[in-house]
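Data first, discussion second: the structure below is written as structure tokens.
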Amino acid sequence: MSDGRRRGVAWLVCGRRTKWLVLLVWVLVIFALAPLAQKLGGAQDNDATSWLPGSAESTQVLQISREFRPETVPAVVIYERPGGLTAQDRHTIADDAEQIKPLREHGIRGAETRGPFYNSAQDPRAALILIPVTVDERGWDELSAAVDTIRDETGSGDGLKVYITGPAGTSADFAKTFEGIDSTLLVAALGVVIVALLITYRSPTLLLVPVLSVVGALLTAQAIIYLLAEYAGLTVNGQSAGILTVLVFGAGTDYALLLVARYREELRRHEDRHEAMALALHRAGPAVLASGATVGMGMLVLLVAEMNSTSGLGPVCAIGVLVAVLAMVTLFPALLVILGRWIFWPVVPHFGSAEPTEQGFWARIGGRIARRPRAVWVTTAVILAALSFGMLGLRAAGISNADAFTETKESITGQQVSERYFPAGSGDPLLIVADQGAAREVGRVVAGTPGVVPQSLGVPPGSAPEHEGRVLFEATMTDPADSGAAKDTVERVRDAVHAVPGADAKVGGGTAALLDADTASTRDNIVVIPLVLLVVLIILTMLLRALVAPLVLIATVVLSYATALGISALAFRHVFDYAGEDTAFPLFVFVFLVALGIDYNIFLSTRVREESFRQGTRRGTLTALAATGAVITSAGLVLAGTFAALGTLPLTGFSEIGFAVAVGVLLDTFIVRSVLVTALFLDIGPRMWWPHRLAREDGPPRAGSPPAQPVP
């Protein structure tokens with residue numbers, strides 16, 4: 001697009017009449033879509049099949065098992081009196097079991113209730129009742145309601161303790177945790193943004209404009225995603241919906257900060273605010289669009305992931321970022337121009353006033369780096385590399401249910417009590433399907449596999465013993481269903497049954513699903529990470545029209561990522577005392593840090609390129625750092641703060657992602673972009689632009705040279 005056409009597009013947004021048209025269109029869109037945005041929570045799919053790969057063995061078993069019986073999730077009621085159950089306790093437990101059997105509420109299959117089972121016939125201290133709960137399209141909501149009903153039907157007293165646990169109890173606790181996730185994250189992110197903007201702008205009036213624009217972008221994105229989930233099969237779950245809120249707030253506010261910074265510059269140079277905004281958009285727009293494209297394309301790479309939850313996250317986040325970009329280059333500038341200069345009160349940028357960044361903090365930092373740039377970047381790189389060795393302490397092999405929450409839940413306490421008295425895998429058995437002719441041999445090898453309770457093998461209640469030549473039966477494991485030892489048992493059972501001739505046997509169940517998720521996530525880490533790097537490299541090459549600079553920038557972001565993982569691993573082990581990380585943790589952190597962290601390099605390097613046409617690479621680098629330093633620092637603080645808001649949720653996985661991304665963004669903002677990249681540009685000089693002609697000249701362009709591409 002030519003220079004003149006770009007200015008024409010900018011004038012469409014902030015023209016004297018067209019600004020009102022832009023505002024009207026956005027108001028109509030937001031009012032029309034806001035009701036749909038509120039429905040996104042109801043469109044979430046948090047069932048196991050929506051998270052797992054369709055090709056996973058556990059997913060296949062789940063689909064086959066539905067031919068035998070409705071899909072069920074077991075709830076486990078645990079009774080405990082450490083000093084021994086009394087006769088009255090036994091009477092209470094038996095009455096509870098009888099009261100549950102007639103129930104038909106919320107999918108409770110009371111007639112198929114098993115138990116009570118006692119840990120000892122002579123001196124029982126605990127009892128267990130198994131209650132199948134049918135899962136329908138409402139998923140977690142149904143399980144949560146069923147658990148509440150079971151809790152109402154069971155009682156404790158006089159020292160008898162009762163816990164609702166098992167897969168249904170744990171799922172209900174997760175459901176209640178996710179229940180208010182959208183509002184919690186919205187309030188936390190909004191609070192971070194307001195505080196950061198108030199500190200940055202020092203204006204109580206100006207901060208309202210980006211906040212309103214970001215909220216409008218979020219509502220629009222949520223409505224679009226709801227429509228795609230409802231009518232186009234897009235998978236949305238609690239995880240992707242929560243990250244969407246944080247991402248739109250963080251990225252949208254970043255773009256607002258960058259545009260305002262350039263608008264301030266132009267207001268000091270032009271008396272007409274419409275012309276000032278047109279020039280600000282004309283020069284800052286390409287970098288904002290490139291940033292949005294980088295993030296959006298990076299997120300869409302997640303579509304190649306095997307995990308449904310990961311592949312679904314890609315389009316959700318891409319839509320959120322692209323809508324945020326659209327709002328920040330249309331609605332936001334239109335609002336600023338409509339409101340006029342007074343919106344900057346009390347620090348109003350008057351026409352003809354001096355530009356403060358020319359002699360500011362970052363100008364002085366640049367001057368110090370320029371004295372010995374090679375020593376600066378080598379020292380910085382060595383320190384970052386040393387910190388990255390901390391990632392050797394990462395334990396990204398999955399986390400158990402007990403470690404998934406940052407606070408104690410009833411289901412977790414109940415699980416621990418159950419493990420003291422009963423086989424640890426009680427309530428979450430293996431599911432095995434096999435051809436009928438080989439069923440006896442399959443049962444024999446399963447019962448003989450270490451880690452399986454031999455006497456637990458049997459046909460689950462409510463399932464036909466044979467369906468179209470296949471059988472379905474269960475087996476209880478000796479280890480907790482979400483433990484590494486239980487996953488090892490699944491692998492042994494699979495190896496054993498797969499070796500039975502003609503059995504066509506498959507092993508599923510909750511533990512098998514966890515194992516398949518770990519396997520898929522490990523594969524996704526290997527496949528997706530290089531693809532994201534390739535996409536970002538291509539976009540940088542097209543934007544900067546060079547090869548050396550994109551490769552250098554990619555290397556700095558990868559180093560920043562490794563350092564963030566190293567620092568996070570040390571903090572998780574020695575500060576927060578987390579037991580481990582989810583298998584997908586490295587991938588999520590990588591995608592967010594590379595896609596978002598590269599933004600700051602884009603904002604700096606495109607400004608360096610613009611200034612290099614006028615002043616040469618060395619002087620252009622210092623000018624670019626002085627001009628963009630404050631705004632990029634503010635943007636980094638906002639983005640880090642919004643991701644840190646994930647720590648307000650009582651979920652270890654969210655807290656870990658939020659902490660690691662926040663650390664990485666702060667590293668990018670204060671160290672990588674401001675020190676490392678600046679020093680590299682100063683040391684490598686014009687060779688950064690190879691093979692562009694800028695690589696052959698280090699000074700103002702020759703007469704007749706084309707003007708620089710206008711970027712911020």
Problem set entry | Charge context of Val295, other residues only, Cβ under 12 angstrom, K/R +1, D/E -1 | -2
Exercise. By counting other Cβ atoms within 10 Å of each Cβ, how are Phe332, Phe174, Phe389 ranked from fewest to most?
Worked result: Phe389, Phe174, Phe332
Seminar exercise, completed: Over the Cα atoms of the range 410-515 the radius of gyration and the largest Cα-Cα distance (Dmax), both in Å, equal 13.6, 44
Exercise. Which of the aspartates and glutamates could a cross-linker bridge to Lys101, judged by Cα under 16 Å and excluding same-chain residues fewer than eight apart?
Worked result: Glu112, Asp148, Asp152, Glu153
For this session: Mind giving me the nanometre distance, one decimal, between the label points for Asp148 and Gln455, set 7 Å out from Cα along Cα→Cβ?
Result: 3.9 nm
Problem set entry | Matching label, volume of the Cα convex hull per residue in Å³ computed from the structure shown, candidates (i) 169; (ii) 199; (iii) 295 | (i)
For this session: Mind checking which lysines have their Cα closer than 20 Å to the Cα of Lys506? Skip sequence neighbours fewer than 8 apart in that chain.
Result: Lys487
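From the alpha carbon gyration tensor of the range 531-635, can you work out the equivalent ellipsoid semi-axes (sqrt of 5 times each eigenvalue) and give them in Å, largest to smallest?
So the equivalent ellipsoid measures 32, 17, 10 Å along its semi-axes.
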For this session: Using only the alpha carbons of the range 185-238, determine the length spanned along each of the three principal axes and report them from longest to shortest in whole angstroms.
Result: 45, 19, 12
Problem set entry | Options Thr245, Leu649, Leu85, ranked by Cα towards positive dipole end of the chain, top entry (Cβ charges) | Thr245
Exercise. Hey, what angle do you get for helix 410-421 against the long axis of the chain, alpha-carbon based, 0 to 90 degrees rounded to 10?
Worked result: 40 degrees
Problem set entry | Full-extension gain in nm, Arg114 to Glu271, via 0.36 nm per residue minus C-alpha separation | 48.5 nm
Seminar exercise, completed: Ordered by fewest other Cβ atoms within 10 Å, a rough proxy for footprinting exposure, Arg609, Arg614, Arg151 read Arg614, Arg151, Arg609
Problem set entry | Extension gain, Ala447 back to Lys101 (0.36 nm per residue minus Cα-Cα distance, nm) | 121.6 nm
Exercise. Based on the Cβ-Cβ distance from Asp488 to Arg374, what FRET efficiency comes out when R0 is 51 Å, to the nearest 0.05?
Worked result: 0.50
Exercise. What spacing in nm lies between the two simple spin-label points modelled at Leu212 and Thr648, each 7 Å away from Cα in the Cβ direction?
Worked result: 2.3 nm
For this session: Would you list which lysines come within 29 Å of Lys39, measuring only between C-alpha atoms, while excluding same-chain residues fewer than 8 positions from it?
Result: Lys176, Lys409
For this session: Mind pulling the angle between the C-alpha long axis of helix 308-329 and the longest principal axis of the chain? Nearest 10 degrees, somewhere in 0 to 90.
Result: 30 degrees
For this session: Please list the non-local residues whose amide H lies under 5 Å from the amide H of Thr583, H modeled 1.01 Å from N, same-chain partners needing a gap of 5 or more.
Result: Gly398, Ile399
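Every number in this text was worked out from the coordinates using simple rules, so none of it is lab data. Nothing here was measured: the structure is a model prediction, and the numbers come from that model. Ideal geometry is used to build each Cβ from the backbone, glycine not excepted, and the neighbour counts take in all protein chains shown.
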